[in-house]
Amino acid sequence: MISNRAIIIRICFILVGLVYIIRLFMLQVIDPSYKYYAENNTQRKITQYPSRGLIYDRNGKLLVSNQAVYDIMIVPREVVSFDTLEFSKALGLPDEEVVSMLTDVKKAVRANKISAYKPSVFYKQLSAEHFAHFQEKLHLFKGFYAQRRTVRKYEYPFAAHVLGYVAEINESMLKKDPYYSMGDYIGISGIENSYEQYLRGKKGARYVMVDVHGLEKGPMGGGRLDTAAVAGKNISVALDVELQKYGEELMKGKIGSIIAIEPSSGEILTMVSSPGYDPSLLVGRERNRNFPALSTDSLYPLLNRAIMSGYPPGSTFKTIMGLIGLQEGVISPSTSFPCNHGFHARGISVGCHSHSSPLSLAPSLANSCNAYYCFTLRSVLDNPAIGSPKIALEKWRTYLKNFGFGERLGSDFFNENRGFVPSSEYYDRIYNGSWGSLTVISLGIGQGELLVTPLQMANMTAAIANRGYFYTPHVIKEIEGDSIPSRFNEKHFTGIDAEHFEPIVHGMYLAVNGDAGATARIARIPGIEVCGKTGTAQNPHGKDHAIFIAFAPKEDPKIAIAVYVENAGFGASTAAPIASLMIERYLKESIDPSRKWLEDRILNLDLINERKQ
């Protein structure tokens with residue numbers, strides 16, 4: 001028989017064995033730190049970041065390319081004591097800054113914000129020039145290595161609002177797409193954002209053996225585990241960079257925007273928001289300094305006024321009001337209304353400038369008669385065939401929505417403003433259900449509660465140029481190996497019969513090319529039949545805003561344009577000259593010598609400084 005002492009000894013051995021087994025299990029299965037440490041001493045996974053796709057303009061000119069930068073990575077557990085002064089010199093940083101950065105890494109490890117065993121970014125976006133010097137010293141600093149990546153290079157200092165910018169992803173974005181990891185870069189605005197899935201490419205990985213100093217000793221498994229990065233797709237945009245450049249020059253010293261569209265396709269030829277900024281300011285390490293400065297600038301250069309600002313359409317809206325009146329049958333091209341220096345009824349007055357009276361439809365547009373369109377709105381809303389102004393207003397509102405007002409057009413830009421088109425319900429709330437056509441009479445001349453974006457105005461102009469339809473405005477033209485979104489190829493009809501556009505087009509033609517009463521004669525271009533309409537948007541906070549819409553040529557239009565210049569007064573003063581110069585530059589590639597004086601006046605006009613004085 002086995003003695004009690006032997007049993008006790010066996011139990012002790014078994015218990016000791018169990019302790020060792022449990023401890024080994026904890027080390028190898030439950031606690032992975034030793035595994036990580038062992039692996040990190042022999043191997044390293046290096047993410048291979050793809051180059052983002054290149055961006056070209058409609059004529060094949062390169063707008064956005066890439067340039068190499070290097071992130072200096074750190075594996076905290078591998079770092080040993082080193083000469084921080086030498087390290088600082090190699091990086092080109094003050095020694096105290098490097099010491100502070102190392103302290104931050106230690107704090108992050110203790111707080112479990114980063115792993116002690118896995119690589120984290122220590123210093124971002126070291127330029128290729130500085131990296132060449134640092135690389136010579138890298139072997140002296142165990143636990144550090146470099147990871148190559150690319151950042152954007154903007155070939156022109158223009159079109160920042162269209163192109164957008166790329167920045168490091170944040171935590172909320174990470175939750176939306178598992179493709180990304182902390183430290184990755186993503187398109188934040190403009191087409192860098194809208195076409196991120198095409199531009200970003202696909203990350204790869206390289207597995208390498210490293211020695212005790214962290215130096216690469218060759219690929220693991222002969223490179224069989226490696227996956228190559230796939231470069232992003234190149235895209236072409238509809239933008240004409242030379243026209244964009246010219247537009248930004250014309251808008252220098254002014255607040256506002258220019259939108260030009262090719263009516264036959266909906267392609268955006270130019271999108272200017274002024275003041276703007278050089279897109280290169282938001283690239284690389286300089287972004288951290290420049291972005292706050294741009295964000296706090298009182299002129300809001302980061303704001304894309306072309307798609308985000310809402311303004312009254314002013315007298316440019318008379319074109320739509322005339323079309324609705326024609327479609328509803330309450331006016332005809334020959335219908336005339338009197339103008340006694342404005343519209344007057346039941347104590348309501350809407351003033352107007354001096355011109356011949358009465359006027360029919362086309363001359364009323366050419367002379368921009370307020371009374372004509374007050375009468376027209378009243379005829380639409382008080383139409384006995386409809387039943388009540390409330391029902392008629394909803395029908396009027398439907399026409400506006402068919403033109404793209406009051407809602408996002410669905411362009412390439414995610415941050416479009418909807419604008420505002422008031423409804424019967426809206427007026428019921430304001431006036432307790434007691435209102436009529438005279439209450440809202442200012443809508444007939446594009447004032448009151450009506451708000452539109454410059455993009456919507458350019459789109460409306462394209463619909464008039466096409467005599468009744470438009471394509472959703474878009475800046476994308478081609479995607480390498482893929483198709484552009486199908487929604488950009490669909491026609492949208494306005495609900496206005498094509499025949500009704502002819503008198504409106506004729507009126508816009510007369511506004512530019514008519515007699516002395518025409519409001520936009522300054523927009524005439526030798527050899528080009530321009531059709532346009534001036535507008536002045538009332539501004540309760542200062543001088544009124546100048547507006548002009550136009551398209552050309554009259555037949556088979558190639559360009560439709562909308563220009564807003566804030567605090568510039570009448571549309572003919574600045575907006576009309578800017579639009580006509582843009583049209584001429586696009587269609588003729590140069591400005592006629594007879595109009596050089598006009599170009600010089602606009603280029604030298606600085607409304608921003610004038611307002612400050």
- Task: Answer yes if at least one residue in the range 448-455 is touching a strand residue (DSSP E or B) at 6+ places or on another chain (Cβ under 8 Å) and small (Gly, Ala, Ser), and no otherwise.
- Result: no
- Quick check: is even one residue across the range 519-540 free of Cβ contacts under 8 Å to residues at least 24 places away in the same chain and within 18 Å of Val452 (Cα to Cα)? yes
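With assigned by TED's automatic domain parsing to the domain that holds Ser274, of a type in the set (A, V, I, L, M) and over 21 Å from Tyr246 (Cβ atoms) as the only criterion, which of Ala537, Ala550 stands out?
Ala537
Just to be sure, is Leu393 assigned to a helix (DSSP H, G or I) and under 30 Å from Ser486 (Cβ atoms)? Give the steps one after another, and end with the answer.
Working: assigned to a helix (DSSP H, G or I): yes; under 30 Å from Ser486 (Cβ atoms): no.
For Leu393, the condition - assigned to a helix (DSSP H, G or I) and under 30 Å from Ser486 (Cβ atoms) - is not met.
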- Note on the structure: Matching residues in the range 426-439 (without any contact (Cβ under 8 Å) to a residue 60 or more places away in the chain and either in contact with a helix residue (DSSP H, G or I) (Cβ under 9 Å, 6 or more places away or on another chain) or part of a loop (DSSP other than H, G, I, E, B) (or both)) number 8
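Residue by residue, here is whether (1) over 28 Å from the mean Cα position of the chain (by Cα); (2) in a loop (DSSP other than H, G, I, E, B); (3) closer than 30 Å to Tyr195 by Cβ; (4) not assigned by TED's automatic domain parsing to the domain that holds Gly406 holds:
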site: Gly444; (1), (2), (3), (4): yes, no, no, no
site: Lys477; (1), (2), (3), (4): no, no, yes, no
site: Ile496; (1), (2), (3), (4): yes, yes, no, no
site: Phe501; (1), (2), (3), (4): yes, no, no, no
site: Ile504; (1), (2), (3), (4): yes, no, no, no
site: Val512; (1), (2), (3), (4): yes, no, no, no
- So which residues in the range 524-539 are under 21 Å from Glu589 (Cα atoms) and either in a loop (DSSP other than H, G, I, E, B) or modelled with pLDDT under 95 (or both), if there are any at all? Arg524, Pro526, Gly527, Glu529, Val530
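With the structure loaded, tell me whether Thr519 is of a type in the set (Ser, Thr, Tyr) and not in a strand (DSSP E or B) or whether it fails that test.
Numbers: of a type in the set (Ser, Thr, Tyr): yes; not in a strand (DSSP E or B): yes.
Criteria met by Thr519.
Go through the range 181-223 residue by residue and tally those that are modelled with pLDDT under 75, small (Gly, Ala, Ser) and either assigned to a helix (DSSP H, G or I) or under 32 Å from the mean Cα position of the chain (by Cα) (or both).
Within the range 181-223, the subset modelled with pLDDT under 75 is 210-223.
Add one more test, that the residue is small (Gly, Ala, Ser), and what stays is 214, 218, 221-223.
Still in the list and also either assigned to a helix (DSSP H, G or I) or under 32 Å from the mean Cα position of the chain (by Cα) (or both): 221-223.
Matching residues across the range 181-223 total 3.
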- Give me a count of the residues in the range 181-196 that are in contact with a helix residue (DSSP H, G or I) (Cβ under 9 Å, 6 or more places away or on another chain) and surrounded by 18 or more Cβ atoms within 10 Å (Cβ to Cβ). 6
- Query: Restricting attention to the range 98-107, does a residue exist that is surrounded by 15 or more Cβ atoms within 10 Å (Cβ to Cβ) and in contact (Cβ under 8 Å) with a residue 40 or more places away in the chain?
  - Reply: no
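Enumerate the helices (runs of 4 or more DSSP H) found wholly within the range 57-164, keeping only those where 1 or more residues are out of contact with any Cys (no Cβ under 7 Å at 6 or more places or on another chain) and of a type in the set (Phe, Trp, Tyr). Explain how you work it out, then say what you get.
Values: elements: 84-91, 95-110, 128-137, 160-163.
Where helices (runs of 4 or more DSSP H) fall fully within the range 57-164 and carry at least 1 residues being out of contact with any Cys (no Cβ under 7 Å at 6 or more places or on another chain) and of a type in the set (Phe, Trp, Tyr), they are 84-91, 128-137.
Could you look through the range 396-417, keep only residues that are surrounded by 15 or more Cβ atoms within 10 Å (Cβ to Cβ) and without any contact (Cβ under 8 Å) to a residue 24 or more places away in the chain, and pick out the one that is farthest from the chain's Cα centre (by Cα)? If you could, list the steps in order and put the result at the bottom.
Going through the range 396-417, the residues surrounded by 15 or more Cβ atoms within 10 Å (Cβ to Cβ) turn out to be 396-397, 399-400, 402-406, 408-413, 416-417.
From what's left, without any contact (Cβ under 8 Å) to a residue 24 or more places away in the chain: 406, 408.
Numbers: Gly406: 19, Arg408: 13 Å.
Checking each candidate, the answer is Gly406.
Residue-wise test of (1) more than 21 Å from Ile547 (Cα to Cα); (2) under 33 Å from the mean Cα position of the chain (by Cα); (3) surrounded by fewer than 22 Cβ atoms within 10 Å (Cβ to Cβ); (4) outside the structural domain of Pro333 (by TED's automatic domain parsing).
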{"position": "Ala366", "(1), (2), (3), (4)": "no, no, no, no"}
{"position": "Asn370", "(1), (2), (3), (4)": "no, no, no, no"}
{"position": "Thr376", "(1), (2), (3), (4)": "yes, no, no, no"}
{"position": "Asn383", "(1), (2), (3), (4)": "yes, no, yes, no"}
- Message: Of all residues being within 20 Å of Ile608 (Cβ to Cβ) and aliphatic (A, V, I, L, M) in the range 527-552, which is surrounded by the fewest Cβ atoms within 10 Å (Cβ to Cβ)? Just the residue, please.
- Response: Ala537
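The values are calculated or read from the model by the stated rules, or taken from the named source; none is laboratory data. A quick note: this is a predicted structure, and the numbers were derived from the prediction, not measured. Methodologically, a virtual Cβ is constructed for each residue, glycine included, from the backbone with ideal geometry; neighbour enumeration extends over all protein chains shown.
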